Amino acid sequence: MTDQAREAVQLLLKNRQSDNRQSYLVRGRRYEQLSADDLSRLWAEQMSRWADDSTAFDQRALNDLGVEMGLRQMAPPLEQIAAAREKILAKSGKALAAIFAGYPETK
């Protein structure tokens, strides 16, 4: 990936984070009353559902849980999602490879 493409992706992700945060705050902090342990547990559950392509996966819930953790300056509990993280990274790698296959200059 070129530096320009990497910067574009980083900017896109930063904008998405900002949009998610604003949306969560406008709708009310639905997870504000949760303990840190419950917040981490729910986030890990959503990550596992995402990794497994579960119909119970809720993107907005995952976004909101992540924003709430950010507002509390909590790090995501990555140790709780090791298997899910590997699945997600593998899927992401395949998706990026498919996208970049049509654009040799991005390799």
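The values are calculated or read from the model by the stated rules, or taken from the named source; none is laboratory data. On a predicted model such as this, the values are computed, not experimentally measured, just so you know. Cβ: placed from backbone, ideal geometry, glycine included. Neighbour counts: every protein chain shown.
Condition check ((1) modelled with pLDDT of 95 or more; (2) loosely packed, with under 11 Cβ neighbours inside 10 Å) across all residues:
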{"site": "Q4", "(1), (2)": "no, yes"}
{"site": "L12", "(1), (2)": "no, yes"}
{"site": "R21", "(1), (2)": "yes, no"}
{"site": "Q33", "(1), (2)": "yes, yes"}
{"site": "D53", "(1), (2)": "no, yes"}
Helices (runs of 4 or more DSSP H) fully within region 2-107 counting 1 or more residues that are free of Cβ contacts under 8 Å to residues at least 24 places away in the same chain and among the β-branched types (V, I, T): 3-27, 82-101
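Per-residue answers, yes or no, for (1) over 23 Å from D19 (Cα atoms); (2) among the β-branched types (V, I, T):
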site	(1), (2)
A56	yes, no
L71	no, no
A75	no, no
L78	yes, no
A83	yes, no
I88	no, yes
G93	yes, no
A98	yes, no
A101	yes, no
Take D37 and decide whether it is loosely packed, with under 10 Cβ neighbours inside 10 Å, more than 13 Å from the chain's Cα centre (by Cα) and of a type in the set (D, E). yes
Sole miss for R49 among (1) out of contact with any Phe, Trp or Tyr (no Cβ under 6 Å at 6 or more places or on another chain); (2) of a type outside the set (V, I, T); (3) modelled with pLDDT of 95 or more is condition (1)
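For every residue, the table says whether it meets (1) of a type in the set (A, V, I, L, M); (2) loosely packed, with under 11 Cβ neighbours inside 10 Å; (3) at pLDDT below 95.
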site: D58; (1), (2), (3): no, no, no
site: N63; (1), (2), (3): no, no, no
site: A90; (1), (2), (3): yes, no, yes
site: A97; (1), (2), (3): yes, yes, yes
